[in-house]
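Structure record follows, encoded as structure tokens.
Only the coordinates and a few stated rules stand behind these numbers; no lab work does. These numbers were taken from a predicted model, which means no experiment stands behind them. Cβ atoms come from the backbone with ideal geometry, glycine included; neighbour counts cover every protein chain shown.
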């Protein structure tokens, strides 16, 4: 497992939630109906992304990297970008347990520290509401996906 500290591309990050931790919103007991809902959302996401061997996939706002790990199992390599140090640490723990090849970057969706046309597919699930500018984040996702790729 690799972790890369991405270069900072913006001067003032005070408006971004760099200390986000989902432990404040995940209930201590996850009841079966909620667990079912989350599992269906996860399965739907993985199915829609349709990761294939050899593809490089970027998960923007990857959180604990749950989707990134599943995508890496199918494609061979997935990158996750996440602004919150807390969530990166949760992701590192899960990736180490799982043994999947996921490269983690620390950065924000509105300013992806990635070259144009780098990824076959880009996914962002459950993170748009955390961005200061969701439309800028979507523009950035479109910028880093290859011309024949999919966001």
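Quick notes on this structure:
- Linear extension gain, residue 139 paired with residue 18, 0.36 nm per residue minus alpha-carbon span: 41.5 nm
- Taking the range 52-151 and dividing mean pair separation by its residue count, relative contact order in percent (alpha carbons under 8 Å, at least six apart): 29 percent
- Shape analysis of the range 23-66 places it in the oblate category; the axes a ≥ b ≥ c from the Cα gyration tensor give an a/c of at least 1.5, with a/b not above b/c.
- Protection proxy ranking of 41-53, 120-132, 71-83 - average other beta-carbon atoms within 10 Å, highest first: 71-83, 120-132, 41-53
- Cα-derived Rg to Rh of the range 62-151, Kirkwood definition: 0.95
- Average Cα contact separation per residue, the range 101-151, under 8 Å, 6 or more apart, as relative contact order %: 49 percent
- Backbone N within the range 116-151 under 13 Å of label point (7 Å from residue 31 Cα along the Cβ vector): none
- Taking label positions 7 Å along the Cα-Cβ direction at both residue 117 and residue 132, the computed distance is 3.0 nm, reported to one decimal.
- Annotation: Cα Rg of the range 26-113 relative to the compact-globule expectation 2.2 N^0.38 Å equals 1.10.
- Label corresponding to mean projected area of the Cα convex hull in nm² when calculated from the structure given, among (1) 8.8; (2) 14.2; (3) 12.5: (1)
- With a Förster radius of 30 Å applied to the C-beta separation of residue 44 and residue 101, the computed FRET efficiency comes to 0.80.
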